[in-house]
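Chemist: The structure under discussion is supplied below as structure tokens; questions concerning it will follow.
Computed from the coordinates by the stated procedures, all read-outs in this text should not be read as laboratory data. Keep in mind it's a predicted model, so treat the numbers as computed, not measured. Here the Cβ is made from the backbone with ideal geometry for all residues, glycine too, and neighbour counts use every protein chain on show.
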Amino acid sequence: LYNKDITPAEELLKKKFGKKPSILQANIKVLTDGYNYGHNTHASATTYHIEGRDQRPGHYTEITGNEATALGLVAAAEKSGRQLFLGSYPITPATDILHTLAKYKALGVKTVQAEDEIAGITTAIGASYAGALGVTSTSGPGLALKSEALGYAVMTELPLVLVDVMRGGPSTGLPTKSEQTDLLQALYGRNGESPLVVMAATTPTDCFDAAFEAARIALEHMTPVILLTDAYLGNGASAWRIPDLSSYPEIKPPYVERYYKGETPWKPYFRDPESYVRYWAIPGVEGFEHRVGGLEKDSETGVISTEPRNHARMVGYRKEKIARIARCLPQQELIGDEDADVLVIGWGSTYGHILSAVEGIRSTGRKIAMTHFKYINPLPSNTEEIVRRFKKVVVVEQNTGQFAAYLSGQIGGLELLKFNRVEGQPLKVAEISDYLLGILDGENVK
């Protein structure tokens, strides 16, 4: 079917059965006879040839997105010196994160299968207050249930990672199908002014790096981080090059005893003057007894406050703290032709589909470019500069236009074209290509 060279398969058989010649020859005979039969009888009406991408040397293993997410969190705990705690409730398609992390007790990982979604996130917040890397995992219905506790984590300014493995909705919807329909819920689905960081993984193997980065941001900036994956990524598998952990940065939480340099005695909502990050006091450290909670606190004393100007000040601090994280993010990259008229924008798991469509169009000599977002709130600092460079901007999503609406709100005056599908299925490269070719040909595409 794919015109693949079977020599590598023969070599694998030799390694496995080299000491048993009769078994080796039997397996090679079955392999070659079956291959030749299919070739000589033209059993498939159409054959394909797929060019592989060059791979870096190293040790590879097969991994799913959910497994990669779990290992990324373990790596972040190692790099931060914090214990990893997962409080979670089983829900399709996120449950495998809980299953995977439960296997790593020997690495100090603690997992709790809670009685419900609310207990899952609140145990994780409690673990963060106690000094751990608190994590909770869920899908769309569970994210809705966790919204009040997420607001509590925003108010207390504690590190928390929430992994949302999106599925089709609304309500219980399509548990085993994949969509990108939780974005606006992740961005805005809490009461009050409740900003937090939102990220999205792009491939099954990228789930490792995305989870590591989500944990780094949560710990270093004292904020909840929602990491969006989906059923397509979580259950999908890829060949993963096992990374060298020494190449990953050390994670440095803002411990009060290490980083606070003020002359007045520390209070729980004292902040770094550049990042606005609240200093972290771990309970049990002498001299740093304190309380935090869901009621608004005075920015100086940390006691409960209903004073109007103080509330406005604290709302501003929490908003600006998230905005300033953009200073620490990598610049948004452009793929394709910088002098093209059309820019294609995507986020999350549509990366491979959009890239295939764009590369296919460019292979015919047409000019087109794409940029794909991993960091959603805040956006990378050069986002507006990239987007305004092109005459036509197309946003491709597995929803009815959520990222397009968000982007228009962040960058005024944009006129965006939208390609949307909400079918519970991965996007089709051919459909994206046809839509983009219509735009390139000047057709009146909406």
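Chemist: List the residues, sorted by chain then number, that are 5 or more residues from Phe373 or on another chain and whose placed amide H is less than 5 Å from its amide H.
Modeler: Gly346, Trp347, Gly348
Chemist: With the dipole of the chain worked out from charges on the C-beta (+1 for Lys and Arg, -1 for Asp and Glu) around the Cα centre, which of Gly87, Gly142, Gly18 lies farthest toward the positive end?
Modeler: Highest projection toward the positive end goes to Gly18.
Chemist: Percent antiparallel among DSSP beta bridges with both residues in the stretch 63-247, to the nearest 5?
Modeler: Percentage antiparallel, nearest 5: 10.
Chemist: I would also like to ask the following. Residue by residue through the stretch 13-24, what is 3J(HN,Hα) from phi via Karplus (6.51 cos²θ - 1.76 cosθ + 1.60, θ = phi - 60°)? Round to whole Hz and write x for glycine and proline.
Modeler: Taking θ as phi minus 60°, the curve returns 5, 5, 5, 7, 10, x, 8, 10, x, 5, 5, 4 Hz for the stretch 13-24.
Chemist: Something else: Using Cα-Cα distances under 8 Å and only pairs 6 or more residues apart, what relative contact order does the chain have, in percent?
Modeler: Across the chain, relative contact order equals 14 percent.
Chemist: Taking amide H positions as placed 1.01 Å from N in the peptide plane, with prolines and chain starts having none, which residues 5 or more places from Leu174, or on another chain, fall under 5 Å of its amide H?
Modeler: The list, which skips near neighbours in sequence, is Gly168, Gly169.
Chemist: Magnitude of the Cβ-charge dipole of the stretch 317-383, K/R +1 and D/E -1, about the Cα centre, nearest 20 debye?
Modeler: Its charge dipole is roughly 500 debye.
Chemist: Let's see if you can work this out: charge +1 on each Lys and Arg Cβ, -1 on each Asp and Glu Cβ, no other charges. What is the dipole magnitude of the stretch 143-264 about its Cα centre, in debye to the nearest 20?
Modeler: Rounded to the nearest 20 debye, it is 180 debye.
Chemist: Evaluate the charge dipole of the chain about its Cα centre and quote only its size in Debye, nearest 20, assuming +1 on the Cβ of each Lys and Arg and -1 on the Cβ of each Asp and Glu.
Modeler: Once rounded to the nearest 20, the dipole reads 660 debye.
Chemist: Who wins for biggest fluctuation among Tyr37, Tyr255, Tyr351 in a Gaussian network model of the chain, springs between alpha carbons below 10 Å?
Modeler: Its mean-square fluctuation being the largest, the pick is Tyr37.
Chemist: Among Ile345, Ile226, Ile28, which one shows the biggest mean-square fluctuation in a GNM of the chain, springs joining Cα atoms closer than 10 Å?
Modeler: Sorting by GNM fluctuation, first place goes to Ile28.
Chemist: Restricting attention to the stretch 57-139, which trypsin sites (Lys or Arg not before Pro) occupy a DSSP loop and are surrounded by at most 14 other Cβ atoms within 10 Å?
Modeler: Listed in order of number, the matching sites are Lys103.
Chemist: Still on this structure, please answer the following. Work out, step by step, the length gained on full extension between Ala106 and Glu289: first 0.36 nm times the residue separation, then minus their alpha carbon distance; give nm to one decimal.
Modeler: Here the answer is 62.7 nm.
Chemist: Can you give the alpha-carbon Rg of the stretch 335-440 over 2.2 N^0.38 Å, where N counts its residues? Display every interim value, and only then the final one.
Modeler: Working: Rg = 12.8 Å, N = 106, 2.2 N^0.38 = 12.9 Å.
That works out to 0.99 for the stretch 335-440.
Chemist: Could you list, in their original order, any pairs among Lys103/Lys297; Lys79/Lys321; Lys103/Lys428; Lys103/Lys146 whose Cα atoms are separated by more than 29 Å? Walk me through the intermediate numbers first.
Modeler: On the way: Lys103/Lys297 40 Å; Lys79/Lys321 23 Å; Lys103/Lys428 36 Å; Lys103/Lys146 25 Å.
Exceeds cut-off: Lys103/Lys297; Lys103/Lys428.
Chemist: Each label point is 7 Å from the Cα along the Cα-to-Cβ direction; what then is the distance between the points at Lys29 and Glu320, in nm?
Modeler: Simple spin-label model gives 7.9 nm for this pair.
Chemist: A follow-up question, please. Which whole number of Å³ per residue matches the convex hull of the alpha-carbon atoms in the chain? Numbers along the way, then the final one.
Modeler: Values: hull volume 81.3 nm³, N = 446.
Per residue, the Cα convex hull of the chain comes to 182 Å³.
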